[in-house]
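Q: The following block contains the structure, expressed as structure tokens.
Just so it is clear, none of the values below were taken in a lab; they were calculated from the coordinates. What you see is a predicted model, and the numbers here were worked out from it, not measured in a lab. Positions of Cβ are backbone-derived with ideal geometry, glycine not excepted, and every protein chain shown enters the neighbour counts.
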Amino acid sequence: MAYRFFPDPALPKATLRVLVVTNMYPHPGAEDFGTFVYDEVRALRSLGVGVDVFYVDGRSQRAHYFLALPAFWRQVRARPYHLIHAHYALTGVVARVQWSKPLVVTFHGNEVAISFTAPLSKVLARLADGIIVTSRWVAEHLGTRVDAIIPPGVDLNLFRPMDQQTARAKLNLPMDRQLVLFVGQRRPDKRIWVIEAAVAQLQAQGWPVELVIASGQPHDRIPLYMNAADVLVLVSEAEGSPMVIKEAMACNLPIVTGDLGDAREVIGDTAGCYFCDRTVEGTATAIAQALQFGRRTDGRHRVQHLSLEATARRVKAVYERVLERKQ
């Protein structure tokens, strides 16, 4: 199917009505796909914003962006939306084929810097009525004015510290090993091979360490992995505002990461978190430092300002400014 529609039953009664258009959204068979968009939608609804979601399945084939257009046009006419909010460049193009409603676009990361979507993003930014980016890194690569820098919020009720042994028991993970965790999709740009090689290097040096890859897991199980692990590692090619960094901080989990997106701003000087050059050797050295740290961090209190409610309020404020400008 080229698209899926996720309606908000409360939308007709809402004073602010939005159609979200996205190519990342959880659905049967891909429950971990775009959970940050789902969380933002849920948080906006809790603030009284009526939000329908139009999901374009661009992952299975690019032609779906074109094939979904008639259904998108019908949906725009079917309900009284005040504006359209697109996530990512390609779905932003789908959303911009109409001009009857103002368009807000959120640019998340790689799409502004890698592949053909980089120049496309710059063109789309000039055609949008409002622009949200997830970090200063994204804003710099986009190279135009933005309405707000709003990192995706973290669910602090879901991502919270718990006993490590309990978490390992629930996941049937070994109690006598130090666990290095990767969370995310198995894509080339995530560079999992670097983490695998770094862990293998530590194992060859005699470290009792094991790599755990949490990919394709339901979102509500990820906090178990983060509490079971000793360190989270992220050495992607590029990121805008990596969710796993904020989620690990909320669980007080030590982190090893490259200088990606807003990671430095989120982590700050948190003890137990280390930046690496993303080579195998540099990653292995930083993992060893995190394992030697040997305890949990105080990261949770440092991400309180990035709660779902706080970030949703900022997104809603962008909607209101855009609508005011269009009056």
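Q: Report the calculated FRET efficiency for D259 and L323 (r = Cβ-Cβ distance, R0 = 35 Å), to the nearest 0.05. The partial results should precede the final answer.
A: Details: r = 37 Å, r/R0 = 1.05.
So, using R0 = 35 Å, E works out to roughly 0.45.
Q: Might you report the magnitude of the Cβ-based charge dipole of the chain about its Cα centre, with Lys and Arg at +1 and Asp and Glu at -1, to the nearest 20 debye? Before the final figure, lay out the partial values.
A: Details: 38 positive and 32 negative charges, 253 e Å.
Using Cβ point charges on Lys, Arg, Asp and Glu, the chain gives about 1220 debye.
Q: Among (i) 19.5; (ii) 21.3; (iii) 16.1, which one is mean projected area of the Cα convex hull in nm² computed from these coordinates?
A: Here mean projected area of the Cα convex hull in nm² agrees with entry (iii).
Q: I need M249, M1, M243, M24 ordered by Cβ neighbour count within 10 Å, fewest first.
A: M1, M24, M243, M249
Q: What FRET efficiency would be calculated for the residue pair R314, M175, taking the C-beta separation as r and a Förster radius of 41 Å, to the nearest 0.05?
A: For R0 = 41 Å, the calculated efficiency reads 0.45.
Q: So what is the 222 nm mean residue ellipticity for the chain from helices alone, if each DSSP H run of at least 4 adds -39500 (n - 2.57) and you divide by all residues, rounding to the nearest 500 deg cm²/dmol?
A: -11500 deg cm²/dmol
Q: Here's another thing I want to ask about it. What is the angle, in °, between the Cα long axis of helix 308-326 and the longest principal axis of the Cα atoms in the chain? Nearest 10 is fine, range 0 to 90.
A: 30
Q: I would also like to ask the following. Less than 13 Å Cβ to Cβ from L11, Lys/Arg counted +1 and Asp/Glu -1: what total charge do the surrounding residues give?
A: For residues surrounding L11, the net value is +2.
Q: Same structure again: What is the sum of charges around L156, taking Lys and Arg as +1, Asp and Glu as -1, for the other residues whose C-beta is under 15 Å from the C-beta of L156?
A: Numbers: positive: R42, R160, K246, R300, R302, R313; negative: D39, E40, D155, D220, E247, D298, E309.
Residues near L156 contribute -1 overall.
Q: If the label point is 7 Å along Cα→Cβ of I114, which residues in region 186-202 have backbone nitrogen under 14 Å from it?
A: Residues 186-194 qualify, since their backbone N sits under 14 Å from the label point.
Q: Go through region 241-322 and name the trypsin sites (Lys or Arg not before Pro) that are in a DSSP coil and have 15 or fewer other Cβ atoms within 10 Å of their Cβ.
A: R295
Q: Report the gain in length on full extension from T15 to L67: 0.36 nm times residue separation, minus Cα-Cα distance, nm rounded to one decimal.
A: Separation in residues times 0.36 nm, less the Cα-Cα distance, equals 15.6 nm.
Q: Let me ask something else about it. For region 73-161, state which trypsin sites (Lys or Arg not before Pro) are in a DSSP loop and have at most 16 other beta carbons lying within 10 Å of their beta carbon.
A: When the trypsin sites (Lys or Arg not before Pro) of region 73-161 are filtered for loop state and at most 16 Cβ neighbours within 10 Å, R145 remain.
Q: For every other residue with a beta carbon closer than 11 angstrom to the beta carbon of D220, add +1 if it is Lys or Arg and -1 if Asp or Glu, then tell me the sum.
A: Numbers: positive: R221; negative: E31, D32, D155.
Taking every Cβ under 11 Å from that of D220, the sum is -2.
Q: Run down the lysines and flag those whose C-alpha is under 18 Å from the C-alpha of K190, throwing out any fewer than 8 positions away in its chain.
A: Within the straight-line cut-off, K190 pairs with K246.
Q: For K13, which aspartates and glutamates qualify as cross-link partners when the Cα separation must be under 17 Å and same-chain residues fewer than eight apart are set aside?
A: Straight-line reach from K13, under 17 Å: D52.
Q: State, to one decimal in nm, how far the label point of Q98 lies from the label point of R79, with both points 7 Å from Cα in the Cβ direction.
A: 1.1
Q: Could you calculate the contour length gain from E237 to R59, that is, 0.36 nm times the residue separation minus the distance between their Cα atoms, to one decimal place in nm? Walk me through the numbers on the way to the answer.
A: On the way: separation 178, 0.36 × 178 = 64.08 nm, distance 1.94 nm.
In short, 62.1 nm is gained.
Q: Please return the longest range in the chain lying between exposed loop sites, taking chymotrypsin sites (Phe, Trp or Tyr not before Pro), DSSP loop only, at most 16 other beta-carbon atoms within 10 Å, and leaving the sites out. Could the numbers behind the result be given before it?
A: Working: sites that count: W99, F116.
Longest run free of exposed loop sites: 117-327.
Q: Same structure, new question: What's the long-distance tail for region 164-306, i.e. % of Cα pairs beyond 24 Å?
A: 21
Q: Ok, one more. Looking at the chain, send over the antiparallel percent of its DSSP beta bridges, to the nearest 5.
A: The answer is about 10 percent antiparallel.
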